[in-house]
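Read through the structure below, which is laid out as C-alpha cells, and then see the notes.
The values are calculated or read from the model by the stated rules, or taken from the named source; none is laboratory data. What you are looking at is a predicted structure, and each value in this text was computed from that prediction instead of being measured. We place every Cβ from the backbone using ideal geometry, glycine too, and count neighbours over all the protein chains shown.
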Amino acid sequence: MAYRLEAGETLPDGLKRIVREQLDDAIAGLRSARGADAPAAVHNARKDIKKTRSVLRLARDEIGEELYRHENDRLRAIANSLSGARDAEVLVETLGKVQERADGRVSEEAIARLRLRLEADRDEVAADSGGPAAMREAADALETVRDGVEAWPLTAEGFDAIEPGLRRIYKRGRARMDEAASEPTVLRLHEWRKRAKDLWYHSRILEPVWPGAMKAQIDAADELGELLGEDHDLAILQRRAGDHGDAVGSSDDLVALLESIVARRLELRTRAFSLGRRLYAEPPKAFLQRLETAWGFWREESAEPAASTASVGTENGAVDGLNAIDLHVGPHEASDLLPIDSREILDAHGWDIGFWAVLDDVRVERSLVAIGHRDEAVAIAEGWEVVRVRGRSAADTRRTEDAEALARHQGHVYIFGSHHGGKKGPLEAPRAFVARFEEAAVAVPLGAERIELEVAHNRFRLHRAVNDALREFGPPILDIDEDVSDRLVGRARRRGRKRGKDWAERVQREDVPLNVEGAAFRPDGKVLLGLRLPTTADGDPLLVELASVDPLFAEGEELPEVTGFWILQGVGTPDAPAGVRALRDHGYEVHVVTGSLDSVDSGSALLEEHPEGAVSSSTHSLFRL
C-alpha cells in the first residue's frame, strides 16, 4: 500500500502499516541485490529508513520519549552504516550536472580528471564499506526493528495523537528557514532541508485528509527539499574540488568550476527562500487548525459505506435554446462524462439516462461515480442523483491519481490519467495510467460490490511514444519557456533518476509535457487522445491517434504506436492557445470541446509564458474522420 493513511484503517494501524511496509521494502532490497544492483538497493533502503524515522517524529509524543529515542538512534545507526558509498556516488553525479551547466567554461579534460579522482574516492569508500556483508547486517538489524513495531504503544485514534508532532516539525521548519536566511551556512541550510523533508513525508501520510490542498503542500515541500538537497551536494563538491585542485589542473579551470558552483548555489537558495516563505506562510496555529478541520471531515466521510447515494445540486438556465445544468458532485471535481450503456444499471436505479464520471485528486479505484436522472417525466433540471462507486484492482498497489478522460470500446469503459503533473510541475508517474472495467460485469445496484478494475501503470510509455512521433512526423509545437520546461520535464527526469525509477530514461530533457483531457475510440479500435497540452505552434488543439490501446496494458516496455495527429485549425492563436477539454466519438464522427490551457487562478507554470491561455474561448466542434 502507499505511504499514506487509508480510509477505513485506524490511525495506529495505519502508522504501523506504513512503517512495516518501509522496513519490508528495505530488507527485501538489501537481501536480494547483487553486484551492480547493490548501490540502488542501498539508496532505496536509506530512503525507506528516512520515511520510517519521519513516522516516529510524527507519533513521538504518543510513542513516548524513551522508545522514540531508542528506535530513532537504532535506525540512524543502520542508515549511517550504509551511507559512505552512496554519498561518494552523489558527488560524481553532481559533477555531471555542473558540467552540463558550465557551458564549456571548464575544459572537458579538467572535468574528466576530477571525475576520476572522485570515482577513486568512491571506490575506496565502497571497498571499506563491507559490501554484501554490511548489507546483510543492516537487513538483520532492520528486521529486529520491524519485529518490534507491533508492540509500539500507539493507541489514540484522533488528530490529537499526531498534532504535537506536526506542530513541532512545522515550527522547527519555520525556525530553521529564518536561521538560514539570516546566515545561509551549509549546516543551517542542511538542517532546514531535513525539516522540510519531514514536512514532505508528513504531508504525504496525511494526503487523503484533503487531497487537493495536501497535494500542493506535498509538491512544494518536495521541491524545496530538492532545491536544498542540490545546494548541499554542490557545497560538498565545492569543498572537494578545492581539496583536489591538483586534479583539476589549471587555476583557470578551477576558478571557472568553483564560480559555476557558486552561481548555481545562489540560484538554488534564491528559489528555496522564495518557495519556503510560501510553504511556511501560515502561523503554526492556523496550519494545524486547517489540518484538524480537514481531518474531522475525512474521518466522517471514511465512515460512510463503500457507495453512497445523494441528491445532486443543480443550476439551470437557457443558453441559445439549450438547457444548461451545473451538477455539483463535490468535494471533488468531475473531469469527464460518459453515457451509461447498461440498461440493467439504469433500470436498477430507475434512471432514464445516466453517466459515468471520474473525480480528480483521488486514486482511480476511488474516482468513479455514476450520475443518473430519476425519471423521464421529471424536468431535466431536476431529479438528478449521484452514486459513488468503489473499484478494486489486482495486487499492484502503486499509486494513481488525476483521472481525466473516459471512453468506451468493446464493452469496456476506459479511464485515462492526465499523464501530466502538478500546476507547477514536475510530471508525475502516478498520473501516467490507463484503467478499464467491463460495464456488463458491474453488479447492480451500484455499490453492491466493488467494480473490478484493470489498471495499467504505463509509467511514461505514452509520453515517450508521443514525443518520439512529434519529432519524427508531428506538427510544429508551441514553444515552452526553458525554465517552465525544466520544472515540468527536467525535474521529473532528475527526480526519477535520483530515486532509481525505471521510467526516468523515458523522460528526456527536450520532451514536451503531455496533458490528456479527452479520449475516444474509432470503430476500428484506434484511439484518439485529446491533448490540453501541447498545442501546435499556431496555438491550435491537437489530437493524437494510437493504433491500439493494448500495448499500454501489456507487460514489458512496448510503446504504443502513434499513427497520426489531428489538428483543429483556427481554434487558438499563438498568443491565446487552446487545448482539448473533452472528446466523444459517434462512429467516425468526433465531438470535441476545446478551451483554456488552465484556469486563471491556478498558479500554473504554463500560464507564466502564455497568460492568455487562461481565457481562451470554449468551442464545440464536430468532424468526421
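Kindly evaluate residue 133 against the criterion of being modelled with pLDDT of 80 or more and over 32 Å from the mean Cα position of the chain (by Cα).
On the way: modelled with pLDDT of 80 or more: yes; over 32 Å from the mean Cα position of the chain (by Cα): yes.
In short, yes.
Evaluate the following for residue 27: is it in contact with an Asp or Glu (Cβ under 7 Å, 6 or more places away or on another chain), over 14 Å from residue 500 (Cβ atoms) and modelled with pLDDT of 90 or more?
On the way: in contact with an Asp or Glu (Cβ under 7 Å, 6 or more places away or on another chain): yes; over 14 Å from residue 500 (Cβ atoms): yes; modelled with pLDDT of 90 or more: yes.
Here the answer is yes, as residue 27 does meet what is asked.
If you go through the stretch 495-519 and pick out every residue that is assigned to a helix (DSSP H, G or I) and among the hydrophobic types (A, V, I, L, M, F, W, C), you end up with 1.
For the stretch 75-120, residues that are acidic (Asp, Glu) and not in a helix (DSSP H, G or I) total 1. When each of 95, 82 is tested for being touching a residue at least 60 places away in the same chain (Cβ under 8 Å) and under 30 Å from the mean Cα position of the chain (by Cα), the lone residue that passes is 95. Among the residues of the stretch 576-608, those that are modelled with pLDDT of 60 or more, of a type outside the set (A, V, I, L, M) and within 23 Å of the chain's Cα centre (by Cα) comprise 579, 581, 596, 598, 604, 608. The residues of the stretch 512-568 that are among the acidic types (Asp, Glu) and either more than 19 Å from residue 434 (Cα to Cα) or without any contact (Cβ under 8 Å) to a residue 60 or more places away in the chain (or both), listed by number, are 524, 538, 540, 545, 550, 555.
Exactly one residue out of 259, 282 is among the charged types (D, E, K, R) and over 30 Å from residue 217 (Cα atoms): that is 259. When the stretch 382-413 is filtered for residues that are of a type outside the set (Gly, Ala, Ser), within 30 Å of residue 490 (Cα to Cα) and crowded, with 21+ Cβ neighbours inside 10 Å, the ones remaining, listed by number, are 400, 402, 404, 406. Every listed requirement among (1) at pLDDT below 90; (2) surrounded by 13 or more Cβ atoms within 10 Å (Cβ to Cβ) is met by residue 560 save one, (1). Candidates in the stretch 407-431 are the residues that are of a type in the set (Gly, Ala, Ser) and touching a residue at least 40 places away in the same chain (Cβ under 8 Å); of these, the one that is nearest to residue 338 (Cα to Cα) is 407. Scoring residue 74 on the criteria (1) modelled with pLDDT of 95 or more; (2) under 25 Å from the mean Cα position of the chain (by Cα) leaves a single failure, condition (2). Suppose we filter 504, 492 for residues that are without any contact (Cβ under 8 Å) to a residue 40 or more places away in the chain, over 27 Å from residue 572 (Cα atoms) and outside the structural domain of residue 46 (by TED's automatic domain parsing); which single one remains? One residue alone meets the criteria, 504. Taking the criterion of being touching a Pro at 6+ places or on another chain (Cβ under 9 Å) and in a strand (DSSP E or B), the residues of the stretch 406-441 that qualify are 408, 417, 421, 427. Restricting the search to the stretch 4-39, which residues are part of a helix (DSSP H, G or I), under 19 Å from residue 59 (Cα atoms) and among the hydrophobic types (A, V, I, L, M, F, W, C)? Selection gives 11, 15, 18, 19, 23.
Within this structure, residue 442 passes the test of being under 30 Å from residue 526 (Cβ atoms) and outside the structural domain of residue 519 (by TED's automatic domain parsing). Among the residues of the stretch 159-211, write down those that are over 22 Å from residue 297 (Cα atoms), β-branched (Val, Ile, Thr) and crowded, with 17+ Cβ neighbours inside 10 Å. Result: 169, single match.
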